[in-house]
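Enquirer: This is the structure I want to talk about, given as structure tokens.
The values are calculated or read from the model by the stated rules, or taken from the named source; none is laboratory data. In this text the structure is predicted, and so the values were computed from the model without any measurement. Neighbour counts run over all protein chains shown; Cβ positions are idealised from the backbone, glycine included. Just the protein is used for accessible areas: all its heavy atoms, side chains included, with ligands, DNA and RNA removed. Shrake-Rupley method; radii C 1.70, N 1.55, O 1.52, S 1.80 Å.
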Amino acid sequence: MRALGTSDREVAALMTEATKLAADYWASLEERPSYPSTSGTETARLFDRPWSDEGRGSEVLNDVRAIAEHVRPCTGRFFGYVAGSGEPVGAIGDFLASVLNQNSTSWRSAPAAVTIERAVIGWLAEAVGCSGFAGSLCGGGSMANLMALAIARENMLPANEDGARPGVVYASEQVHMSIPKAIALLGLGRSNLRVIPVDEDFRLRTDALEAAIASDRKSGKTPVAIVASVGTVATGAIDPLREIAKIAETEGLWLHVDGAFGVLAALAALEKLEGLNLADTISLDAHKWLYQPIDCGCLLYRDRDAARKPFSHSGDYVRIFNHDPGEAFAFFEESIELSRRFRALKLWMSLQYHGRKAYREAISHDLQHAQLLADAIKSHPELELLAPVPLRARPRTIESSD
């Protein structure tokens, strides 16, 4: 008998119990507090145990109910993070992706998985007004931003052969923390991040941006890229994309849009994101505003050849001799990862199960809720609205969910 063998009967029994646990958890979400009542000591007592020599068998599933009591439920009552709800069809897709256990590294390694991911990328690009953009799925916005700036660096200030040189990147003072981290990792130098002041709406000031670029050029520094934000984490601000794109074009700089938070609002309010299609690269998170289970980030890029410059370096063991364009395709030629999960299956299933209209309505609903909250705060004498709410969906009736 194989040491790790599990009979068909055992697998079926485990699946039956796991399905019940999942269904019970989903059914209980509305009754759960927004954050668990627990402590580090308590969770360590429950779950930090030795790895025993003998297996526990199906008993391990008994722990799931305890685990569920010590996690943060994905419900509408939690406002601490920008996170999605873990849409159930997507979760089922995630499970099935694990069952299929595909390495979505190239078409020849995972024909269906790679084809599905490329299709999903096309859907996302078209949905945000960027038809024709290519891309790949990744762990989240931080990884997407890192890859985007790697593409920018290699196209503007090549480093793959001789090493990185200092290059200046411009972003607003509201920029996500992943940007300075990426600049450091890429060897551009964190001191070469120019943090640009914002206006009263927390949007990057284009006059200050132009002045900073001019100052750096005068002092002999090398500007490389501009990072515009669509939905900053602290304030939800949307930088003036069209004006920034004009500056990037005039100055010959790469334009990356960090839209991990807000870009998918384009499904309901595309007119608010005018100029998005002028970007060279765009990051977005389907595990935020497409409600998918974590993780599901995405990087879109205008030019596939530009994306291959930093990442295309293959050994003989992965060399592809097939000349058919589809069958020769490899994600490892345009992304950091070689081993890649079949992230696309949950999106492919979830987006088709509900349809585009349902997602557009859900996002519109969210936008209207934000406006209702802003209006309520402004009308309350003891409350202060600390940031504008720039996105507004078409008016629709919000039904009570009491």
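Enquirer: Which condition number does Asp305 fail, the rest of (1) in contact with a Phe, Trp or Tyr (Cβ under 9 Å, 6 or more places away or on another chain); (2) without any contact (Cβ under 8 Å) to a residue 24 or more places away in the chain being met?
Expert: (1)
Enquirer: Same structure again: For segment 254-306, which positions are in contact with a Leu (Cβ under 9 Å, 6 or more places away or on another chain) and of a type in the set (Gly, Ala, Ser)?
Expert: Gly259, Ala260, Gly262, Ala265, Ala266, Ala268, Ala269, Gly275, Ala279, Ser283, Ala286, Gly297
Enquirer: Where the second residue is surrounded by fewer than 19 Cβ atoms within 10 Å (Cβ to Cβ) and modelled with pLDDT under 95 and the first is within 23 Å of Met156 (Cα to Cα) and lies in segment 198-223, which pairs have Cβ atoms under 6 Å and are six or more apart or on separate chains?
Expert: Nothing qualifies.
Enquirer: Are any of the residues in segment 103-114 under 26 Å from His313 (Cβ atoms), open to solvent by 10 Å² or more (accessible area, probe 1.4 Å), in a loop (DSSP other than H, G, I, E, B) and in contact with a Ser or Thr (Cβ under 6 Å, 6 or more places away or on another chain)?
Expert: yes
Enquirer: Please enumerate the residues belonging to segment 17-54 that are surrounded by 11 or more Cβ atoms within 10 Å (Cβ to Cβ), of a type in the set (D, E, K, R) and in a loop (DSSP other than H, G, I, E, B).
Expert: Passing the criteria: only Arg32.
Enquirer: Here's a follow-up. Quick check on my filter: what residues within segment 55-82 are in a loop (DSSP other than H, G, I, E, B) and closer than 30 Å to Ala3 by Cα?
Expert: Correct list: Gly55, Arg56.
Enquirer: Also, I was wondering about something else. Looking at Ile151, Ile121, which one is closer than 23 Å to Val82 by Cα, open to solvent by less than 10 Å² (accessible area, probe 1.4 Å) and under 19 Å from the mean Cα position of the chain (by Cα)?
Expert: From the options Ile151, Ile121, the qualifying one is Ile121.
Enquirer: Here's something else I'd like to know. How about segment 293-331: which of its residues are in contact with a Ser or Thr (Cβ under 8 Å, 6 or more places away or on another chain), of a type in the set (Phe, Trp, Tyr) and farther than 23 Å from Glu126 by Cα?
Expert: The answer is Phe311, and nothing else.
Enquirer: Scanning segment 320-339 for residues that are small (Gly, Ala, Ser) and within 20 Å of the chain's Cα centre (by Cα), which turns out most open to solvent (accessible area, probe 1.4 Å)?
Expert: Among those residues, the one meeting the criterion is Ser339.
Enquirer: Right, another one. Within segment 83-102, which residues are under 21 Å from Ala330 (Cβ atoms) and either open to solvent by less than 60 Å² (accessible area, probe 1.4 Å) or not in a loop (DSSP other than H, G, I, E, B) (or both)?
Expert: Residues satisfying the conditions are Ala97, Leu100.
Enquirer: Only one residue in Ala376, Ala330 is at pLDDT 95 or above and of a type outside the set (Phe, Trp, Tyr), so which one is that?
Expert: From the options Ala376, Ala330, the qualifying one is Ala376.
Enquirer: Does segment 35-77 hold any residues that are of a type in the set (Gly, Ala, Ser) and modelled with pLDDT under 90, and which are they?
Expert: Gly76
Enquirer: Test of understanding: among Gly141, Gly167, Gly189, which residue is farther than 29 Å from Cys296 by Cβ and either crowded, with 20+ Cβ neighbours inside 10 Å or in contact (Cβ under 8 Å) with a residue 60 or more places away in the chain (or both)?
Expert: Residue meeting the stated conditions: Gly167.
Enquirer: Which of the residues belonging to segment 265-285 are touching a strand residue (DSSP E or B) at 6+ places or on another chain (Cβ under 6 Å) and of a type in the set (A, V, I, L, M, F, W, C)?
Expert: Ala279, Ile282, Leu284
Enquirer: Is it fair to say Lys357 is in a helix (DSSP H, G or I), basic (Lys, Arg) and either modelled with pLDDT under 95 or buried (at least 19 other Cβ atoms within 10 Å of the Cβ) (or both)?
Expert: No; evaluated as a whole, the condition is false for this residue.
Enquirer: Could you check segment 267-292 and list, in sequence order, the residues that are open to solvent by 10 Å² or more (accessible area, probe 1.4 Å), assigned to a helix (DSSP H, G or I) and either out of contact with any Ser or Thr (no Cβ under 9 Å at 6 or more places or on another chain) or more than 26 Å from Phe79 (Cβ to Cβ) (or both)?
Expert: Correct list: Leu270, Glu271, Lys272, Asn277, Leu278, His287, Lys288, Trp289.
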